[in-house]
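A.B. asks: Below is the structure I would like to discuss, written out as structure tokens.
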Amino acid sequence: MKTAYINIYGRIPSKKNSKRIVRNGGKTFVISSKNWMDFEKAQLPRIEALSNLKSPYKVDYKFYLKGKGNTDIDNMMAGINDLFEKAGVIDNDKNILHVTAEKIIGADEYKAEVTIFEVE
């Protein structure tokens, strides 16, 4: 059973709650925020270095947040899952069978510790 582990440093922006509407040539497009796109661009090279894992998966998340931790845990998980999918670490986030998630508030820095396990 293979396992992948990564620390993601910095605040995780919401992917689903901050979209931009762009009009081009009479067509309207909805795209992710600049914040999310910058975050994704910075993180993808690190995440692509992880091994490709076979589905199904179990994922453990531990989020360290400064201050009161007013960020939704499900938004952070969804963004990270999308990154793992885009990087080819997992084939599809629908194949995640089990999740544990913890949010630690009042931390010194923003950080996410994520471990993905293949499930036999």
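Nothing in this text is a laboratory measurement; each read-out follows from the coordinates by a stated rule. This one's a predicted model, so the numbers in the text were calculated from it and none came from an experiment. So basically every Cβ, Gly included, is an ideal-geometry build from the backbone, and we count neighbours across all protein chains shown.
A.B. asks: Please state which one of Asn7, Asn35 is in contact (Cβ under 8 Å) with a residue 12 or more places away in the chain, in a strand (DSSP E or B) and not aliphatic (A, V, I, L, M).
C.D. replies: Asn7
A.B. asks: Report every pair of residues separated by at least 6 positions or lying on different chains whose Cβ atoms are under 8 Å apart, first residue within segment 98-120 and in contact (Cβ under 8 Å) with a residue 12 or more places away in the chain and surrounded by fewer than 15 Cβ atoms within 10 Å (Cβ to Cβ), second among the β-branched types (Val, Ile, Thr) and in a strand (DSSP E or B).
C.D. replies: Cβ pairs passing all conditions: His98/Val59; Val99/Val59; Thr100/Val59; Thr115/Thr3; Thr115/Val59.
So that you can scan it fast, the table gives a plain yes or no per residue for (1) under 18 Å from Ser18 (Cβ atoms); (2) outside any helix (DSSP H, G or I); (3) in contact with a strand residue (DSSP E or B) (Cβ under 8 Å, 6 or more places away or on another chain):
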position: Phe29; (1), (2), (3): yes, yes, yes
position: Ile47; (1), (2), (3): no, no, yes
position: Tyr64; (1), (2), (3): no, yes, yes
position: Lys68; (1), (2), (3): no, yes, yes
position: Glu85; (1), (2), (3): no, no, no
position: His98; (1), (2), (3): no, yes, yes
position: Ala107; (1), (2), (3): no, yes, yes
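A.B. asks: Hey, another quick one. Restricting to segment 25-45, name every residue that is more than 12 Å from Lys15 (Cα to Cα) and of a type outside the set (A, V, I, L, M, F, W, C).
C.D. replies: Those that are more than 12 Å from Lys15 (Cα to Cα) and of a type outside the set (A, V, I, L, M, F, W, C): Gly25, Gly26, Lys27, Thr28, Lys41, Gln43, Pro45.
A.B. asks: To continue, here is another question. Quick one: which residue in Asn75, Asn81, Asn24, Asn70 is more than 21 Å from Glu113 (Cβ to Cβ) and not acidic (Asp, Glu)?
C.D. replies: Answer to the selection: Asn24.
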